[in-house]
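The values are calculated or read from the model by the stated rules, or taken from the named source; none is laboratory data. Values in this document were obtained by computation on a predicted structure and should not be read as measured data. Cβ atoms come from the backbone with ideal geometry, glycine included; neighbour counts cover every protein chain shown. Each accessible area value is taken on the protein alone, full model and side chains, heavy atoms only, with ligands, DNA and RNA left out. Shrake-Rupley method; radii C 1.70, N 1.55, O 1.52, S 1.80 Å.
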Amino acid sequence: MLIYLGCSAVAAFALAVGLTVAGAPPAAVAHAAFALGAMPLIFAAMGHFVPVLTRSPGVEPMIHRLPLVMQAAGALVVAVLVGAMPGWGLHPAILAGLVATGLMLGWTFRRGRACLGKPHPGLAWYKASLACLLTALVAIFAGLLWPAGYAALRLAHLHLNTLGFIGLAAVGTLHVLMPTALGMPDPQAALRLRRQLPWAIGGVVASALAGLAHWLAPLGALVLAGVVIHTLAGWLKTLGARRIINDGAAVALFGAGLGLLAVIAAGLAHGLGGMPGRPAVTGFFALFLLPLVTGALSQLLPVWRFPGPATPPRAQLRARLVRFGALRTALFLAGGGLLTAGVAAGALLLAAGVLLFAGVLVMGLLGTRSTR
């Protein structure tokens, strides 16, 4: 199922780009990328990493199926927002998301308590990420029932989903995934995770509450920017710029960090009244989510396709997936920058990057099947 969800995420991103070109409502585009594409994949990634972080057995069947529940809920939301379903379809989608998120959060706590010794600090980032998603779903459900508070609750929902759920899960994972992609240890990763988490949570909360006090938006942006800069600087110091640039997966993950920094800068400009908020949401998808997911899949899909000890087929698949990694990252960052600046032609660069990755993904999976 992990390979299916990875391919589904790429298809959802292609759908989001297509909806952008077709002039679909921005909410439909955002939910195609986030709810239909990113959230199920993040749930699956948590199912993969939590046993590693807690040194415990693999995921149980019920938890294993939760990404499919999130995917179905995301598909229902997108159908409503493009007009293919009546508005009442949002309510069962939100309720399904609440149940799935609550089950996943409870599972992470149980695994942490059962861990022999202390769990890896990345587990705390997953707990905080899921808590943000749970709060985001409660906020938007309350907004649907209370129209007078919808604007502030929608803003909280947006920030808790993007910077909270996706952002915290991504940064927590990247501290583990980046050194793994380069095949070398990062002895400072655990320390950075412990030190950064309180600041990251504070930045997310400040951004989520900006609808009640506008001065919180720039404060949250500055705090989150500090976390990202600290992460990027730590990678450059410990892992080295040359190694990162020369690996197609690592350069995409580093590019995602740069893209997130650009998105936070756009959010800061919005908080200070310098630009509208919609381009920042588009930038989050283009500048951060696309390089993040393509880079992560380049590293993880070979492991999911050929589990167990390292084998030549796994190495062959990874070599194919990381091909053109730097070019894809450049397309995503350039296209995202153009879209954030209001230049619609940036969507064409995103489409080129997504198609480029989809091509190597299909050829890689088909090309390694017979070698197993």
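If we scan the stretch 27-45, do we find a residue that is assigned to a helix (DSSP H, G or I) and more than 18 Å from T162 (Cα to Cα)?
No, there is no match, as no residue in the stretch 27-45 is assigned to a helix (DSSP H, G or I) and more than 18 Å from T162 (Cα to Cα).
Condition first: open to solvent by less than 10 Å² (accessible area, probe 1.4 Å), more than 21 Å from the chain's Cα centre (by Cα) and touching a residue at least 60 places away in the same chain (Cβ under 8 Å). Can you find one or more residues in the stretch 227-242 that meet it?
Scanning the stretch 227-242, I find at least one residue that is open to solvent by less than 10 Å² (accessible area, probe 1.4 Å), more than 21 Å from the chain's Cα centre (by Cα) and touching a residue at least 60 places away in the same chain (Cβ under 8 Å), so the answer is yes.
Going through the stretch 106-120 one residue at a time, which ones are assigned to a helix (DSSP H, G or I) and surrounded by 19 or more Cβ atoms within 10 Å (Cβ to Cβ)?
W107, T108, R111, G112
Going by the structure shown, is F165 of a type in the set (F, W, Y) and open to solvent by less than 40 Å² (accessible area, probe 1.4 Å)?
Answer is yes for this residue.
Here is a check on your reading of the model: is L268 in a helix (DSSP H, G or I), out of contact with any Cys (no Cβ under 9 Å at 6 or more places or on another chain) and either open to solvent by 50 Å² or more (accessible area, probe 1.4 Å) or under 17 Å from V10 (Cα atoms) (or both)?
Here the answer is no, as L268 does not meet what is asked.
Among A156, A128, which is the only one that is modelled with pLDDT of 95 or more and open to solvent by less than 20 Å² (accessible area, probe 1.4 Å)?
On inspection, the qualifying residue turns out to be A128.
Hey, any hits in the stretch 86-98 for a residue that's open to solvent by 20 Å² or more (accessible area, probe 1.4 Å), within 17 Å of L5 (Cα to Cα) and either touching a residue at least 60 places away in the same chain (Cβ under 8 Å) or of a type in the set (A, V, I, L, M, F, W, C) (or both)?
No, the stretch 86-98 contains no residue that is open to solvent by 20 Å² or more (accessible area, probe 1.4 Å), within 17 Å of L5 (Cα to Cα) and either touching a residue at least 60 places away in the same chain (Cβ under 8 Å) or of a type in the set (A, V, I, L, M, F, W, C) (or both).
Given the condition at pLDDT 90 or above, in contact with a Leu (Cβ under 9 Å, 6 or more places away or on another chain) and either in a helix (DSSP H, G or I) or within 18 Å of G259 (Cα to Cα) (or both), answer yes or no: does some residue in the stretch 308-316 qualify?
no
Return the total of residues in the stretch 311-329 being open to solvent by 50 Å² or more (accessible area, probe 1.4 Å), touching a residue at least 12 places away in the same chain (Cβ under 8 Å) and among the hydrophobic types (A, V, I, L, M, F, W, C).
Here the count works out to 4.
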